[in-house]
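See structure below.
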Amino acid sequence: THFDEVHADFFNRLKEKYPQLSPKDLRLCAYIRMNMSTKEISAITHQTVKTINMARFRLRKKLNIDRDENLLSYFKSL
């Protein structure tokens, strides 16, 4: 809820552009948008760093983003 207040319409724009994203994908996008590191996301979600890295990789594939492009910069531009 607090995220929605700070980053108004982030989820709406993301869902509009990429309707295939799952709730887990959207949550990961929010964590990345909040500039959280992989280790911080890992600690919050109680998953390994390797799992988070794989989720980020799959997210890049779903969003059709190159490995070289920064996800945080991409989400800030939405």
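The values are calculated or read from the model by the stated rules, or taken from the named source; none is laboratory data. The structure displayed is predicted, hence computed values, not measured ones. Ideal geometry is used to build each Cβ from the backbone, glycine not excepted, and the neighbour counts take in all protein chains shown. Just so you know, the surface numbers come from the protein's heavy atoms only, side chains and all, with ligands and any DNA or RNA stripped out. Shrake-Rupley method; radii C 1.70, N 1.55, O 1.52, S 1.80 Å.
Of the trypsin sites (Lys or Arg not before Pro) in the stretch 18-78, the ones in a loop by DSSP (not H, G, I, E or B) with at most 15 other beta carbons within 10 Å are R67. 3J(HN,Hα) along the stretch 48-63: 6, 4, 4, 5, 5, 4, 5, 5, 5, 4, 5, 5, 4, 5, 5, 8 Hz, from the Karplus curve 6.51 cos²θ - 1.76 cosθ + 1.60 with θ = phi - 60°, whole Hz, x for Gly and Pro.
If each residue of separation counts as 0.36 nm, what is the full-extension length gain between N35 and R13 once their alpha-carbon separation is subtracted? Intermediate results must be reported in sequence, preceding the final value.
Details: separation 22, 0.36 × 22 = 7.92 nm, distance 1.84 nm.
Result: 6.1 nm gained on full extension.
Per residue, the solvent-accessible area of the chain (1.4 Å probe, heavy atoms of protein chains only, all protein chains present) comes to 71 Å².
The string of couplings for the stretch 26-34 from the Karplus curve (6.51, -1.76, 1.60, θ = phi - 60°) is 5, 5, 4, 4, 5, 4, 5, 4, 7 Hz, one whole number per residue in order, with x for Gly and Pro.
Under a point-charge model restricted to the Cβ atoms of Lys and Arg (+1) and Asp and Glu (-1), what is the dipole moment magnitude of the stretch 5-49 relative to its Cα centre, in debye to the nearest 20?
Numbers: 7 positive and 5 negative charges, 25 e Å.
Value, rounded to 20: 120 debye.
So, R0 is 30 Å and r is the distance between the beta-carbons of Q47 and R67; what FRET efficiency does that work out to, to 0.05?
Numbers: r = 21 Å, r/R0 = 0.71.
After rounding to 0.05, the efficiency reads 0.90.
How high is the relative contact order of the chain, in percent, with contacts defined as C-alpha pairs under 8 Å that are six or more residues apart?
Values: 32 pairs, mean separation 27.2, N = 78.
Here the relative contact order equals 35 percent.
Once Rg and the Kirkwood radius are both taken over the C-alpha atoms of the chain, their ratio Rg/Rh works out to 0.93.
The calculated 222 nm mean residue ellipticity attributable to helices in the chain amounts to -19500 deg cm²/dmol, summing -39500 (n - 2.57) over DSSP H runs of n ≥ 4 and dividing by all residues.
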